[in-house]
Amino acid sequence: SIVSLETKKSILVLGSNLVDEQPILFLRVRKAWKKRGAKVIEALPSNVNYEDLPNHVGEFASQRISYNPGSEKALANGIALALLEIVDLKSSLSAETVALVEKAVAGQTLASASATSGVSEQELRNVAAAIVSGSFSILVGELVTANADLENVIHALNNLATVASGNLNVPVTKVNQQGALDLGILPNANSDKPGLNTEEMLKAAASG
């Protein structure tokens, strides 16, 4: 739930300018940090300039990660591999969970995940250390959902959430627009008397 974000000990905000995409979630994440000391990690593609994002999560995040664009799968697998290095954590997981994740990351190492994602091995370990305590959430934004390999990215993120005993959230964006679509608020919804689209309304207004 949205309100439960306030109770999380760690939150990974991945590929999202959260304050613009999900302002209500942004406020909950900020409250988790300010009121309860949650460790917040912001990860954005390296082609995004942090300075272009006023009031973003990075202003209070304990870690800011910059990764190679489109490498979210490698990033997720790298953090998962770093988590599996933590002996106490690995021993607390079921054999089925460990086997699932090891199969998912088969053929990859922390070094290869680092090379692909552009995130250093130490940074991957730092993220793992921040989220190992459980009570962890991942929030995925539009820069991730635009990935052509989204299905595999989501699988990798889900495996990461499983290892960290957390949860994965891919919130719908442009919810007001979606609500309008669901309600049929479209110029062609009434075929007998169609309305005007945005361009037509502007032209009609300009012509009086």
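So in the range 26-58, with the set limited to residues that are small (Gly, Ala, Ser) and surrounded by fewer than 22 Cβ atoms within 10 Å (Cβ to Cβ), which one is farthest from the chain's Cα centre (by Cα)?
Here is the first cut: in the range 26-58, the residues small (Gly, Ala, Ser) are 32, 37-38, 43, 46, 58.
Next, only the ones that are surrounded by fewer than 22 Cβ atoms within 10 Å (Cβ to Cβ) stay: 37, 46, 58.
On the way: Gly37: 20, Ser46: 15, Gly58: 13 Å.
Going through the qualifying residues, I end up with Gly37.
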- Item | Extreme residue, surrounded by the most Cβ atoms within 10 Å (Cβ to Cβ), among residues of the range 90-132 that are acidic (Asp, Glu) and closer than 23 Å to Ala61 by Cβ | Glu123
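Of everything in the range 158-188, what is of a type in the set (Val, Ile, Thr) and either within 22 Å of Leu25 (Cα to Cα) or surrounded by 15 or more Cβ atoms within 10 Å (Cβ to Cβ) (or both)? Give them in sequence order. If you could, list the steps in order and put the result at the bottom.
Initially, the range 158-188 is screened for residues of a type in the set (Val, Ile, Thr), giving 162-163, 170, 172-173, 175, 185.
Those that are of a type in the set (Val, Ile, Thr) and either within 22 Å of Leu25 (Cα to Cα) or surrounded by 15 or more Cβ atoms within 10 Å (Cβ to Cβ) (or both): Thr162, Val163, Val170, Val172, Thr173, Val175.
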- Message: Would you confirm, using the coordinates I've provided, whether Leu25 is farther than 18 Å from Asn159 by Cα and in contact with a helix residue (DSSP H, G or I) (Cβ under 7 Å, 6 or more places away or on another chain)?
- Response: yes
- Query: Which number in (1) hydroxyl-bearing (Ser, Thr, Tyr); (2) out of contact with any Leu (no Cβ under 9 Å at 6 or more places or on another chain); (3) open to solvent by 20 Å² or more (accessible area, probe 1.4 Å); (4) under 19 Å from Ile138 (Cβ atoms) marks the one condition that Ser71 misses?
  - Reply: (3)
- Query: Only one of (1) crowded, with 22+ Cβ neighbours inside 10 Å; (2) at negative phi is not met by Ala61, so which one is it?
  - Reply: (1)
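The values are calculated or read from the model by the stated rules, or taken from the named source; none is laboratory data. Since the model is a prediction, treat every value here as computed from it, not as a measurement. Ideal geometry is used to build each Cβ from the backbone, glycine not excepted, and the neighbour counts take in all protein chains shown. Surface accessibility is based on the protein's heavy atoms, side chains included, excluding ligands, DNA and RNA. Shrake-Rupley method; radii C 1.70, N 1.55, O 1.52, S 1.80 Å.
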